Each structure stands twice: as structure tokens, then as C-alpha cells.
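Below: the structure, in C-alpha cells.
What follows draws every value from the coordinates through simple rules; no lab data is involved. Just so you know, these numbers come straight off a predicted model, no measurement behind them. Heads up, the Cβs are rebuilt from the backbone with ideal geometry, glycines too, and the neighbour counts pull from every protein chain shown.
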Amino acid sequence: MDVAVSNQQTRNKIHPHKFALWVACASITMMFMAWTSAYVVRQAAGNWLEFRLPNIFFINTALLLFSSVTLHASYIFFKREKESLYKGLLLVSFLLGITFLVLQYIGWQDLTNIGVELTGNPAGSFVYVFSGFHGLHICGGLAAIFVAIVHAFALKFKVTAKRKLRFELTLTIWHYLDFLWLYIITFIVLQS
Amino acid sequence: MDTVTTFDPDILIEEQGYDDHFHDHHHGDKYQSNFITHYVFSQDHKIIAKQFLITGMFWAIIGAGMSIIFRLQLGFPEESLAWLQPLLGKWIAINEAGIGTLDPQFYYALVTMHGTILVFFVLTAGLSGTFSNLLIPLQIGARDMASPLLNMLSYWFFFLAGVVMFSSLFLSTGPFSGGWTAYPPLSILPQASSGSAAGMTLWTVSLILFVVSVLLGGINYITTVLNLRTKGMTMWRMPLTIWAFFVTAIIGLLSFPVLASAFFLVIFDRELGTSFFLSDIYIGGEALDRVGGSPVLYQHLFWFLGHPEVYIIILPAMGLVSEVLSVHARKPIFGYKAMVYSILAIAFLSFIVWAHHMFMSGVNPFISNIFVIFTLIIAVPSAVKVFNWITTLYGGNIRFTSAMLFAIGFVSMFISGGLTGIFLGNSAIDIQMHDTYFVVAHFHIVMGIAAFFGMFAGIYNWFPKMYGRFMNETLGKIHFWGTFIGAYAIFWPMHYIGMAGVPRRYYSFETFDAFSHFDATNKFITVAAIVVFGLQLLFVVNFFYSIWKGKRMTTRNPWGATTLEWTTPIDTGHGNWPGKIPVVHRWAYDYGKDGREFYPQILPVSEDESETH
Ligand code: HEM
Ligand SMILES: [Cu+2]
């Protein structure tokens, strides 16, 4: 179905689908930047609750970064035709992603326990919005990894240009979501 | 000499073209072979363009029809509207004397829906969706969009957004009624007004679906322009249409997510009990316990999209107009590069002027000053464009086709409406003007009418490309002159009413002595609006009649244009060119050079030709 794509790939360094994905990431970034700007504006207006982010969020950040590493390793092993490592690490990344979501949820509970509730002061509400929408995007990323897993186990192992591209797209999504979370958590820490 | 007059695009493309082996893959054979995949879930950009156009027309009729109903209320408040009861049901209350009156709540719902529908569904999706889809692949020499699948999804998200919005019209509490800008607290508190209940929920859902549609479309347009241009089609050789669509898509991609972010927070406030935008509110004398938010924060987020949005609407129209003016004046567009730079400048500036909508919202006057300056600077690139359009016309060998008339009409409207923008952009003058009919006049002329004119110019000009037939020119000219005069008749008087202080968004002025002498003016405006609405129905008739019965296109390039879309066969199939794809040798504006009428972009540059781009 890639009708348009076939014609000039050779003349372009970057594949159009990959380029399109970057553009999509830019627009998601805009959405989060809008929220963080709203945070700054609202914070400047006073009546702002000060609190420390529960530790679990920091642990979780490390976990998410680690999942990026495992996914990247899986990609490298895919290219080197190390089939079992490639498949194994793909699964590990997926599980790490799920764990991340679970821990984020526990993080929300920790927040509630220290009295920072969704419906309280906007300082807290914003944290729920950031992590909630990031979590939704993580679900999308997990779906992409899930498709990659299905391909890995259902198709006969073979390194083709098309499958490499697919993997690279998945990898880009996941690294991007990682970066997005880093932006969010750094922002919250620096602002408070 | 002869190569120009007698050249055959097929032979030229076969000799000079670029072979991408497109048809070796036999896409053409099995691709979209049945009715459903060909006309409904089509992935062909030309069909998707038509889907956007016809859906946009549907919404234009609904949206404009609503304005006729509320104009009746404004122009003839004492007349009975009982005859509308079969259509509006309980929203028309009939008293013992048999006099029917429009429910005030529903008046607001109509105004809100009118704005939302026209701004988003008609002038964003219907305009940019239609022509970006139709022209981007055809004019840059691509087989289709970078991702035909996403392109199809873009249309269907728009369709879904429309279904949700349409169903909100039938709610017992009515559709959303707090204005197209959906300011809180009206948009957040369901108890604030009946439209703020389920109506607002559906409104938000619909617009979020719409944002998804715009983003999917925009991602495609940008990627396609940057990655799929044919050989020789450098950025500086692209027609201005493509530049306009391209920059529009970038603006959309950067600003629509911000709108979505605002809507998500509205949803949180509505459904989950947060207080991002709520504080110190009393309902029925009782204080609401939701505090800590800021309604002005919403306005910032909204207008950060809202202002770029007006350029998302107008830039595609500007692109279409530039192209039509040049083709029908048989002259190269004056100042091509200046046109591109001013598009870029407008795009950039459009992101830093949003607070001119908030001069009266209690923002710091010193901050307002900065926004005044940026706002007034936008007049510079706007003026450059106007100057270049007029200069393009000057001394041209003008063909007054319907398309050309609408393009010239666009320039007129853009000047008239742009000038009042300069009034409003001064925060001191805006104290008097804000939320009056002066603002209504300003944005309808500069955006509403102008963008419609750009769209009409585009439709009359590219109709043969879409349907292989021409629209009726006589009806087209009646359509133009009626609409041109009628639109001024509607909106010009509004400037005076507005300067006298008559506020917008009021159901009735009967209780205000100060405004009573505008009764006759309001009647006049309403009558003009009804006439103009009737003329648009004439256009719709012409459109559909011409699809099946219009004069057939017998040559490929009826307007003698240079651009690539006119080198495709009259019945353009999937993949656009039957054999190789054309290679481009020159810019899009080689008109009237060396005594020749025009040089198509696919024509190689010959030795004895004067300078080309
Ligand atoms: C010379 C350039 C322009 C300037 C300086 C300008 C200035 C302004 C200002 C200051 C307002 C706010 C008035 C108020 O609410 O009190 C306004 C409203 C508006 N303008 Fe413009 N404008 C310009 C061009 C445009 C263009 C090109 C468009 C659309 C294509 C446009 C569309 C609108 C709309 C839709 C509103 C009203 C929004 C609402 O309140 O519902 N303007 N303009
Ligand atoms: Cu504006």
C-alpha cells in the first residue's frame, strides 16, 4: 500500500514514515509544553501547594530508561541476527513497560497518601495530568512493542529492510516517550 | 516556439520523466477495485479531497442556515417564528396569540454552533483538507500522499467529529451554547446553562476527534511536501499553493495540540472535579467549593491556538488566490520570494500575538503593549502580500472567469477586513470595540468571507481537475457579484453598529433605548444575509449539476497553467500519471515570457530562453 513511498526513497536519507513519526512526536511535545507552560503561569499566580514528589517516581524513571536500553539492545541483536536475544529482550522491554505503568499507579497512591489529591490544589492536579497522559502514550508505545512481538514470534526470522524499518519506528516511539517523561520529571523537580 | 504550442505532455513525460516503476507493482489493477474501497474508504488523495469538500459543503449549509435563523431573531424580533416550529420543535415557544418566539437559550446554541462549524468544519477541514489533499501530490509530482492510510483516517476522524457534533443538535438540553471559544466557567459547570450539560460534553469529544483529524492530515502534508517532490521540484520552484498548505500544516501541528491540552483540562474540570480553570464562583447565591483555578489560563491556551487558527484558515485561501491570480492574469506572480517570506513571517508572528484577544480579560496592560506591537507588525507581511497581488494584476491580460473574480474579491475583502484589524490591535481602541459588532464585522470580512472567496476561487478553478467538467460560468458570475455585494451589505453596517457600542452575542436589544435606532439597520442586514444565503444554494446547485451535466473538459490544460496537475490525463487515475512521473525544469510562474504565453514546468529550458528560475 506504500504507493507514494516507493518512488523516491532512494533520493532521501530519511524514510517518509520515519519523518512522519518525528513530526507526530513534535506535536505531542507541543501538547505537553502547553501543559507545562500552564503550570508555570498558574504557579506564578500564587496559592500553590509545595510538596515533594514521592520517591517511586524517580525509581520508575530509571526503570523506563532501562527499558529503552533493553529495547535498543534487542534492535542491535536483531540486526546481528541473534534471534533469541532479540526476542528475549523484546519481551523484557514489554514487561518493563507494563511495570512502569503499574508503578506509576502506585505513585499516584503515594501522592494521595501524602494528601496530594487529583481534585486538590492545581499543583497536584498537574502531576496527575502529566503522568496520566504520559501513561496513555506509553500504552500506545506498548501496543507498538506488542505488534513487534507478534511479528517476532509469528514470522520466520529474517532481517529485511522492511522489518528493520518497522523496528526502528517502534524504537523511535519508545525512546521518544522516555525522553518525554524525562522532560516532565525534570520540569517538575526544577519548578518546585 | 512550436514545442510550446504543440507539445504533448505524455510524450514529454515519457522522454524526460522519471521512472519509479510504479505501475510494475500492479497497484492500479487491484487497488480500490470495488465501490466501498473506491468511494468510501478510499485512500486515493483525489477522492479524499472530494470527501472533504462535500462534507464541508454539507456543514456550510447547516452552519449558514443557523445564522439565518438567528439573524431573523435580530432583524425581526417582533415577527412570529411559529413557522419554524416543525424544524426546531420545542425551541420555538408559541403563545396563546399564536406568536412563536425563539428560545433565548437556543439562540446562544445557534450562535455557538455556527461559529464552531464554520471555523473548524468548513474553513479548516473543508478548505485546507480539500485543497491540500487535491493539490499537494498533483502539484509536486507525487503518486499520492506519504501515508495514504493516515490520510484516509484523517477524513474519517473528521467525519466522526461531525457525527458527534451533529447528534448534539438533537439533545433535549440542546447543543453547547457558550460561544465557539468555550470559555470557562460556562463550558465547565453543567449547571451554568442547559447547553453546558451534555451539549458541551459532545462538543469537546467532537473537537478532540477533530484535532486528531487535523494532526493526521498535517503530518501527511508536511511529510509529503518535504519527501515526495519529484525530480527538479526544489522548494523554490513550488507553486505558492504548496507553500501555503505546507506552512499551514506546520502551524496546525504546533497549535492544535495546545487546543487539545486546554480541552483535556476542561474535561478534567468537568468530569473529575479538578479546578484548573475554576475559582470563586457563585451559582444561585451559593459559593462553589472549587477554588484555585484561573479562567484566564484557559483563554491563554485557547488563543494560543485561536489566533494561529485564523491563519490556518486564511493561508490556504491566500495560496489558492495567488495561483489563480497569476494563471488568469497570464503573468508571473509578482515577488514570488517575498510571497513565501511573508507566509513564513505571518506564520511565525501568528504565535506571538494571541493575547490581543485578551486585552479586556484583565491581563497586565504592560504585557498588552507587547502584544499590540507584534499584532501591528503582522500588518507588514500582510501588506506585502496585498501589494504583490495587486501588482500581479497590474497590466495583466486578465480573464474574468468566475475563479478569477473570486480571487480578486478575496483581495478586496482581505484589505477591508485587515484594516479594521489594525484598529482592534490597539489595546486602547479595543476597550471600546471589544465584544461589539465591530469585531464581528472585522473577522467575518477578513476571515469568513475572504476564506470563502479563496475556496470558491479554488473550486471554480480546479473543478475540471476534480470532475472532468466545468462549472457553469454564468451562474458562477451571478454567484460572485451577488455574494460580493451582499457580503459587504451584511458586514459593512456592522462596523457602525459596533462603533456605537452594540455588543455581540445578545439575543435582543429591545430593552436598550440606546440601540433602538439600529432596528432598520438590523433588518437590512438580515435581508442581505437571506439573499446571500440563497445565492450559495445556487452555487450548490451549479456544483452538483456540473458534476454530471457540466460542459466536458476536452483538453487537459484548459486554463493554460504551468503546474503539474494539468499534465495528468483528464480522467486522472490512481497514481496520477499513467507512465513515468514528470520531471520539473523550471518554477511555476513562467507566464508571458519571451512572447510566449506560458511554459509548463515540465518543459526543459532551451538555450535561447531568457532567464528562468
Ligand atoms: C492585520 C491583521 C490583523 C489584526 C491586527 C487583527 C487584530 C484583531 C484583534 C485585536 C482582535 C480582537 C478584537 C476583540 O476581541 O476585541 C481580532 C479578532 C479576530 N480576528 Fe483579527 N486581526 C487581523 C487579521 C485577522 C485575520 C487575517 C483573521 C482571519 C483570517 C482574523 C480573524 C479574527 C477573528 C476570528 C477574531 C475574533 C475572535 C472572537 O472573538 O470570536 N484577524 N483581530
Ligand atoms: Cu487574533
Would you work out which of B:Met235, B:Leu272, B:Gly482 lies farthest towards the positive end of the dipole of the protein assembly as shown, given +1 charges on the beta-carbon of Lys and Arg and -1 on that of Asp and Glu, about the Cα centre? B:Met235
Quick one: 3J(HN,Hα) in Hz for the stretch B:132-146, Karplus 6.51/-1.76/1.60 with θ = phi - 60°, rounded, Gly and Pro as x. 4, 5, 5, 8, 4, x, 5, 7, 9, x, 10, 6, 6, 6, 4
State the percent of C-alpha pairs, over all pairs in chain B, separated by a distance greater than 36 angstrom. 37 percent
Taking Rh as the Kirkwood radius computed over C-alpha pairs, what is the Stokes-Einstein D of the stretch B:338-410 at 25 °C in a medium of viscosity 0.890 mPa s, expressed in µm² per second? 170 µm²/s
The residues B:Tyr460, A:Tyr86, sorted from fewest to most surrounding Cβ atoms within 10 Å, come out as A:Tyr86, B:Tyr460
Suppose we flag trypsin sites (Lys or Arg not before Pro) only when DSSP calls them loop and at most 10 other Cβ atoms lie within 10 Å. Which is the longest uninterrupted stretch of chain A? A:53-155
How much length, in nm to one decimal, is gained on full extension between B:Val527 and B:Phe400, taken as 0.36 nm per residue of separation minus their Cα-Cα distance? 42.9 nm
Average silhouette area of the protein assembly as shown, convex hull of alpha-carbon atoms, in square nanometres: 36.9 nm²
Which ordering of B:Leu12, A:Leu64 is given by a fewest-first count of other beta-carbon atoms within 10 Å? B:Leu12, A:Leu64
Considering the options A:Thr99, A:Thr70, A:Gly135, tell which one lies farthest towards the positive end of the dipole of chain A, charges being +1 on Lys and Arg and -1 on Asp and Glu at the Cβ, about the Cα centre. A:Thr70
For helix B:295-329, what angle does its Cα long axis make with the longest principal axis of chain B, in degrees from 0 to 90 and rounded to 10? 30 degrees
Within the stretch B:27-116, GluC sites (Glu not before Pro) in DSSP loop having at most 12 other beta-carbon neighbours inside 10 Å: B:Glu78, B:Glu96
Can you compute 3J(HN,Hα) from phi for each residue in the stretch B:88-99, using the Karplus curve 6.51 cos²θ - 1.76 cosθ + 1.60 with θ = phi - 60°, rounded to whole Hz and x for Gly and Pro? 9, x, 5, 6, 10, 9, 10, 8, 4, 6, x, 7
Summing Lys, Arg as +1 and Asp, Glu as -1, what charge do residues with Cβ under 12 Å from the Cβ of B:Tyr107 carry, B:Tyr107 excluded? +1
Which entries in B:Lys477/B:Lys551; B:Lys331/B:Lys477; A:Lys79/B:Lys231; B:Lys551/B:Lys580; B:Lys50/B:Lys551; B:Lys337/B:Lys580 show an alpha-carbon gap greater than 26 Å? A:Lys79/B:Lys231; B:Lys551/B:Lys580; B:Lys337/B:Lys580
Mind checking the angle between helix B:240-267 and chain B's longest principal axis? C-alpha axes, 0 to 90 degrees, to the nearest 10. 30 degrees
Could you give the DSSP H helices of chain A that reach 30 angstrom or more along their long axis (alpha carbon positions) and whose average Kyte-Doolittle hydropathy is no lower than 1.0? A:56-79, A:122-154
If unit charges are put on Cβ atoms (+1 for Lys and Arg, -1 for Asp and Glu) and the dipole of chain A is taken about its Cα centre, the option from A:Ile145, A:Met30, A:Phe179 lying farthest towards the positive end turns out to be A:Ile145
When the helices in chain B are scored as -39500 (n - 2.57) per DSSP H run of 4 or longer and the sum is shared across all residues, what 222 nm value do you end up with, to the nearest 500 deg cm²/dmol? -19000 deg cm²/dmol
Percent antiparallel among DSSP beta bridges (both partners in chain B, rounded to 5): 100 percent
Rounded to whole Å, sorted largest first: equivalent-ellipsoid semi-axes of the stretch B:206-315, Cα gyration tensor: 41, 13, 9
Long-range amide H contacts for B:Tyr18: which residues qualify at under 5 Å (H placed 1.01 Å from N, peptide plane, sequence gap of 5 or more or a different chain)? B:Ile581, B:Val583
How far is the Cα center of the stretch B:423-444 from the Cα center of the stretch B:230-308, in Å? 22 Å
Sites B:Phe41 and A:Phe146, calculated FRET efficiency, Cβ-Cβ separation with R0 25 Å, nearest 0.05: 0.50
Debye, to nearest 20: dipole size of chain B, +1 on Lys, Arg Cβ, -1 on Asp, Glu Cβ: 540 debye
Relative to the longest principal axis of chain B, what angle (0 to 90°, nearest 10) does the C-alpha long axis of helix B:336-349 take? 30 degrees
Cα-based Rg/(2.2 N^0.38 Å) for the stretch B:71-218, rounded to two decimals, is 1.29
Neighbour counts of other C-beta atoms within 10 Å: give me B:Met165, B:Met66 arranged from fewest to most. B:Met66, B:Met165
Where q = 0.10 Å⁻¹, what log10 of I(q)/I(0) comes from the Debye formula for the stretch A:17-191, counting one point per Cα? -0.44
Dipole in debye (nearest 20) - the protein assembly as shown, about Cα centre, beta carbon charges: Lys, Arg +1; Asp, Glu -1: 1580 debye
